[in-house]
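Every number in this text was worked out from the coordinates using simple rules, so none of it is lab data. All figures in this text were calculated on a predicted structure; none of them were measured in a lab. Every residue, glycine as well, gets a Cβ built from its backbone with ideal geometry; the counts of neighbours run over all protein chains shown.
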Amino acid sequence: MLGNVSVTEMEEQLSQENSTVETKRDVVSVDLLEEIIACTLELTDETGRLLSPPFRVLLSQEEFPTYYDRIKKPIDLKQIAIKIRSGEYHTWQQFDADFRLMCKNARAFNELGSVISKDASMLLKNYVKRKTELCNSKHKPLTIKRINANKQVLDELLTQNAIANSNEEYSEDSEEDEDSEHSSEPKWILYWAIRNELNPADPETNLADPFLELPSKKSVPK
């Protein structure tokens, strides 16, 4: 006992204080989250093609039942933006979970080598990179001009509705797998068991991912 406080009580108090410090470090502002969404909406590939359209607003369950049959927790950029504006994200961890879920859903519904699966990986990579920059203590604060521009971008996103052809890639990429994944043939049962085995080191990926698509000739050194 130290005075009237036991060692156990002191340890509990210290643990609570450390937890409070960690929570404060993880607290995120609306401006930073809107910066992430704006960057995501603006991201393009090397040809200048925007990557975000299929991720902006999902079709409804009535319009796209196949997607909702397979994806149990659907989420899109508009839903994330709504949660930002309503103050539902208090920490990076909360936001991170939804952004990763959005990308994970796209990869789960589509074949690994598909355009939308690759786009999901690029969106996630860009998010992690931008988040790291924003969380760096040496990073310059966002300018008022940038903050206002981001708000306009999100305002536009919040007014958007799902466009049928913006989700064509979802159905096109997954139709071939639909029958085989639900087949009762032993070879397909084994195939999907192997293909869907999660990677313990990275739950966002599967162990079989590197084997689903051969690398291009350009990426393999002679």
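Can you report the number of residues in segment 80-93 which are closer than 25 Å to Ile116 by Cβ and either surrounded by fewer than 15 Cβ atoms within 10 Å (Cβ to Cβ) or in contact with a Pro (Cβ under 9 Å, 6 or more places away or on another chain) (or both)?
1
Has segment 73-91 got at least one residue that is in a helix (DSSP H, G or I), touching a residue at least 24 places away in the same chain (Cβ under 8 Å) and among the aromatic types (Phe, Trp, Tyr)?
No: segment 73-91 contains no residue that is in a helix (DSSP H, G or I), touching a residue at least 24 places away in the same chain (Cβ under 8 Å) and among the aromatic types (Phe, Trp, Tyr).
I'm trying to understand the selection: among the residues of segment 36-52, which are part of a loop (DSSP other than H, G, I, E, B) and touching a residue at least 24 places away in the same chain (Cβ under 8 Å)?
Leu43, Asp45, Leu51, Ser52
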